[in-house]
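The values are calculated or read from the model by the stated rules, or taken from the named source; none is laboratory data. Computed from a predicted model, the values in this text were never measured in an experiment. Cβ atoms come from the backbone with ideal geometry, glycine included; neighbour counts cover every protein chain shown. SASA here: full protein model, heavy atoms, side chains in, ligands and nucleic acids out. Shrake-Rupley method; radii C 1.70, N 1.55, O 1.52, S 1.80 Å.
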2 protein chains.
Amino acid sequence: MILIRNARILGKEKGNILVEDNKIVAVGDIVDKSDVVIDAENLAAIPGLFNSHTHAAMVLFRGYADDMKLHEWLQKKIWPAEAKLNAKAVYWGTKLACIEMLKGGTTFFNDMYFFSEEVARAASECGIRACIASAFFDFFNKDLLEENIKRVEKEVKEIKKNPLILPAVGPHAVYTVSLEGLKRSAEIAEKYDALIHFHLAETEKEVVDFKRKHGEGIVKTLDNIGFLSERLVAAHSVWLEKNEIEILAKRKVNVAHCPTSNMKLCVGKAIDYRSMREFGVNFCIGTDSAASNNNLDMFEEMRFAALLQKFYYNDPTLMKAEEVFDTATKNAAKAFRLNAGEIAEGKLADIVLVNLDNLNLVPGHNLISDLVYSANSSCVETVIVDGKIVVENGYFEGEEEVVEKVKKIALDLVKG
Amino acid sequence: MILIRNARILGKEKGNILVEDNKIVAVGDIVDKSDVVIDAENLAAIPGLFNSHTHAAMVLFRGYADDMKLHEWLQKKIWPAEAKLNAKAVYWGTKLACIEMLKGGTTFFNDMYFFSEEVARAASECGIRACIASAFFDFFNKDLLEENIKRVEKEVKEIKKNPLILPAVGPHAVYTVSLEGLKRSAEIAEKYDALIHFHLAETEKEVVDFKRKHGEGIVKTLDNIGFLSERLVAAHSVWLEKNEIEILAKRKVNVAHCPTSNMKLCVGKAIDYRSMREFGVNFCIGTDSAASNNNLDMFEEMRFAALLQKFYYNDPTLMKAEEVFDTATKNAAKAFRLNAGEIAEGKLADIVLVNLDNLNLVPGHNLISDLVYSANSSCVETVIVDGKIVVENGYFEGEEEVVEKVKKIALDLVKG
């Protein structure tokens, strides 16, 4: 049992939080003898943040290729480096990403990458919660489709064995996976009660090309083949019409918006958050990979999300601090079907203690505003996931070894 | 003397840096007996960052009022709170801001606010370099003009006495200061060899209103009255035509771009950096105040600058990492006429040591990319200003007292 004493609790007065096993069992004026007592006099307790779209292992490529046109970036830099990836590189890269996320108050990430069993192993060892999908491409080839479906089914079963990890099927996007591939993905997700992690309408080109090929928009087509459901987490979702957003809302699709990546890769417009809110789409946010971000700091991501909306739609009241905070907590908990995202009795004990004396949070007129518009990862003092302390005094035990490994592996990947 | 041993130096190999008095006297393979030796084995030495537009004491209002329309924000929140400001509040508020900036690797700030002597005192005590202007409004009133001119002249003389502080005259903007007031400001600046700190073309309304009133654009008019010169640091400079940018370049005006503030306050478009670069305008960046930012982290500001340009002008190659880094170092050093902004022999010893094992900088493919696209204030380990160590192990001696004072003062300011 852990007793967190005298914490400032979001939306509440100061109080104590009692954790038993992996749950918050009481919040308020509790007196209890616990094995572990955390004095939270100058700390605030907030729910762990959810990063709803990542390719975690790509921290290996942080800073490797920036300021380039998308096509050139992929062809000359990212793909050649990714071609050299192996299980070991993905394992260590993911470990670094998990530690970066945990130290930054992120207790859950939704990942899509290669070697998904390695991703799951790294995440499990770090004690972070995650939903992990193996990226799946069939490039409109029947044999590749069958081969991939087999592999994905095997990996979903494997991933399910890790207690903190949810499995997902990860068909990449409509320009890399056939409609048959998408349909089969949805069937596997249904069969194993898994989620679906997918890139939707990131660029205008994707949308225009699809319509030219199929004579109908992406969303309508995906709806017709039964791909849209509450299992689906649709990353990006930028180039959508209002009527398409309405369909997503009806089908209870979850959206994972990635503002920093959208800006850096120049997707050409801002996601239509206002319409999504109106129609009731479940709206989450994520960092995307460190190759296009270039960090995994969810405090910054909340800031970019709010500022991009305000600026692009010319309305300073759009996406208020409270709303954007929900996109990184409650909304995501709903998307991933976890009883979490709040500091309240009965919720999973995924708790972040932030230092209220960190200068970014002083003087402290409004905690939510400070968290969204000013905080960064360095405000995080202690992180508890599933009832276990994983970060203490801003430190993750053993991080030095991971840093050294990743430096060496990353250098090797981009050599020659 | 300080010897920094074995630092990674931007654009160079690893090497030693020797500091004597307030200057870098040697860089390279120096062996020397110094009073102080810093082992920089896992650190990179970068020039201190310049924050070219702030209202530092407004950290008092961090998080106090967000997500509001500009007019309502000013009238209902900021102005009533500012009306209660006094010398003590500005002194302590500025101290907090200086510590936040120093801990974030910023060794110089260009400030405009009330009680400028208090700002200068706070900055001097913190050991940060600054250019400090007293905000000057005449609201088109002759008496107010004369009164302000007298005050400003006195303050400029006073501020000049602080060795680390450059004085500036701070006529606020064309909608709060008469043309006569601007002309007289320029004359005082000339007389005392001071800079001019001014808000230019921040919103479309400012530009349209001015043209309606004067029949001519702001830049042309200011040029006619001799207001434009290399003494001028023009904050924002968003709503400018190409021909106006050309005039600014000819007159050697320095621009201080504030991307985060521009996004948060919804100024409606992004600064035309490409034209400024083409015409050769000296381009700097700043955070603006913590009321509209909401932190003073120049690493983040570099990131927002680069990402806003790329996104708005739909070109991922626009404002490359190296260029944005210059806006926060070399370019600003030029604007403020300081022999600084680089780690090189003969330069002022304003040096920041960043921790290369900070996860945001790992694996470390490209230091400049990592600093611009991934770093935050927590990457900073040691800060030297004018040859003196002011931040050590990420800690500023005495910061706790300042935090306590500011919490109390800020709460009082917004009460009732």
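Distance from the axis that maps chain B onto chain A is least for the Cβ of the chain B residue given, with the whole Å value, as B:378, 2.
Stokes-Einstein diffusion for segment A:66-201 at 4 °C, viscosity 1.567 mPa s, with a Kirkwood radius from C-alpha pairs, works out to 83 µm²/s. Maximal additional length on extending the residue B:70-residue B:86 stretch stands at 3.4 nm, based on 0.36 nm per residue less the C-alpha distance. Expressed as a fraction of 2.2 N^0.38 Å, the C-alpha radius of gyration for segment B:268-320 is 1.18. Measure out, as a whole number of angstrom, how far apart the alpha-carbon centroids of segment B:354-414 and segment A:49-123 sit. Measuring centre to centre over Cα atoms gives 27 Å. Sorted from shortest to longest, the distances between the residue A:13 label points of this copy and the other copies are 6.6 nm, with each point 7 Å from Cα along the line through the beta carbon.
If you take the Cα centroid of segment A:185-240 and the Cα centroid of segment B:250-296, the two points sit 39 Å apart. Per residue of chain A, the DSSP helices (runs of n ≥ 4 H) give a summed -39500 (n - 2.57) that works out to -11000 deg cm²/dmol at 222 nm.
Amide H contacts of residue B:296 (H built 1.01 Å from N, in plane; Pro and chain starts excluded): no residue 5 or more places away or on another chain comes under 5 Å.
In order along segment B:295-301, the phi-based Karplus estimate (6.51 cos²θ - 1.76 cosθ + 1.60, θ = phi - 60°) of 3J(HN,Hα) comes to 10, 10, 8, 6, 5, 4, 5 Hz; Gly and Pro are listed as x.
Counting only other chain Cβ atoms within 10 Å of each residue's Cβ, the peptide A:257-264 averages 3. Of all the options A:69, A:205, A:334, the one that moves most in a Gaussian network model of chain A with Cα springs shorter than 10 angstrom is A:69.
Panel values: segment B:211-314, Kirkwood radius from alpha carbon pairs, Stokes-Einstein at 4 °C and 1.567 mPa s, translational diffusion coefficient 91 µm²/s.
For B:375-384, what's the mean count of beta carbons from other chains sitting within 10 Å of each residue's beta carbon?
3
Using a simple spin-label model with pseudo-atoms 7 Å out from Cα toward Cβ, residue A:279 and residue B:150 lie 6.5 nm apart. With the simple spin-label model, which puts each label point 7 Å out from Cα in the Cβ direction, the residue B:205 to residue A:180 separation comes to 6.0 nm.
As a length-normalised measure over Cα pairs under 8 Å and 6 or more apart, the relative contact order of chain A settles at 21 percent.
Between the helical axis of B:116-126 and the longest alpha-carbon principal axis of chain B there is an angle of about 10 degrees.
Relative to the longest principal axis of the Cα atoms of chain B, the long axis of helix B:204-214 makes an angle of roughly 40 degrees.
Using a 1.4 Å probe over the heavy atoms of the protein chains, calculate the carbon and sulfur portion of the accessible area of segment B:49-335 as a whole percent.
Values: 4790 of 9450 Å².
Carbon with sulfur: 51 percent of the solvent-accessible area.
Computed over every Cα-Cα pair of chain A and binned at 20 Å starting from 0, the pair-distance distribution P(r) comes out as 28, 59, 13, 0 percent. Heavy atoms of the protein chains alone define the surface here; on that basis segment A:49-335 has 33 Å² accessible area per residue at 1.4 Å probe size.
Close amide-amide hydrogen proximity is noted between residue A:285 and A:52, A:257, each under 5 Å apart and 5 or more residues distant or on a separate chain (H modeled in the peptide plane; Pro and chain starts excluded).
Here is the short version for chain A: A:131, A:258, A:266, A:284, A:379 have no other Cys C-beta closer than 4.7 Å. Applying both filters, DSSP loop and at most 11 other Cβ atoms within 10 Å, to the trypsin sites (Lys or Arg not before Pro) of segment B:112-160 eliminates every site.
Figure the gain on full extension for residue A:388 and residue A:193 (residue separation times 0.36 nm, minus the Cα-Cα span) and round it to one decimal in nm.
Contour length minus Cα-Cα distance gives 67.5 nm.
Which of the listed residues, B:267, B:314, B:49, is farthest toward the dipole's positive end in chain B, when Lys, Arg count +1 and Asp, Glu count -1 at the beta-carbon? Selected residue: B:267. Over every Cα atom in segment B:171-248, the radius of gyration and the widest Cα-Cα span, Dmax, amount to 11.7, 34 Å.
For residue A:131, the residues 5 or more places off, or on other chains, whose built amide H falls under 5 Å of its own are A:109, A:110, A:111, A:166. Each residue of segment B:86-96 is assigned a 3J(HN,Hα), and the resulting list reads 9, 4, 5, 4, 5, 4, 6, x, 5, 4, 4 Hz, derived from the Karplus form 6.51 cos²θ - 1.76 cosθ + 1.60 (θ = phi - 60°), x at Gly and Pro. Computed on protein heavy atoms with a 1.4 Å probe, what is the summed buried accessible area for the chain pair B and A, in Å² to the nearest 100? Approximately 5300 Å², summed over both chains.
Counting every pair of alpha carbons in segment B:298-408, the share spaced more than 19 Å apart comes to 57 percent. The same position residue A:397 in the other copies lies at 3.6 nm from this copy, comparing label points 7 Å beyond Cα toward the beta-carbon, shortest first. What the phi angles of segment B:2-19 give under the Karplus curve with 6.51, -1.76 and 1.60, with θ = phi - 60°, is a coupling list of 10, 10, 9, 9, 6, 7, 6, 10, 3, x, 10, 6, 5, x, 9, 10, 10, 10 Hz, glycine and proline written as x. Against chain B, whose longest principal axis is taken from its Cα atoms, helix B:399-414 shows a tilt of about 20°. Taking every DSSP bridge with both residues inside chain B, close to 40 percent are antiparallel. Taking every alpha-carbon pair within the protein assembly as shown, the share separated by more than 52 Å comes to 13 percent. Put +1 on the Cβ of every Lys and Arg and -1 on every Asp and Glu Cβ in chain B; which of B:276, B:74, B:380 then has its Cα farthest towards the positive end of the dipole? The listed residue farthest towards the positive side: B:74. Each copy carries a label point for residue B:141 at 7 Å from Cα toward Cβ; from one copy, the others' points are 7.8 nm away, ordered from shortest. Neighbours of residue A:197 by Cβ distance under 12 Å: Lys/Arg scored +1, Asp/Glu scored -1, total 0. Over segment B:55-96, the Kirkwood radius and the radius of gyration, each from Cα atoms, give a ratio Rg/Rh of 0.99. In segment B:218-263, the inverse of the mean reciprocal separation of distinct Cα atoms equals 10.9 Å; this is its Kirkwood hydrodynamic radius.
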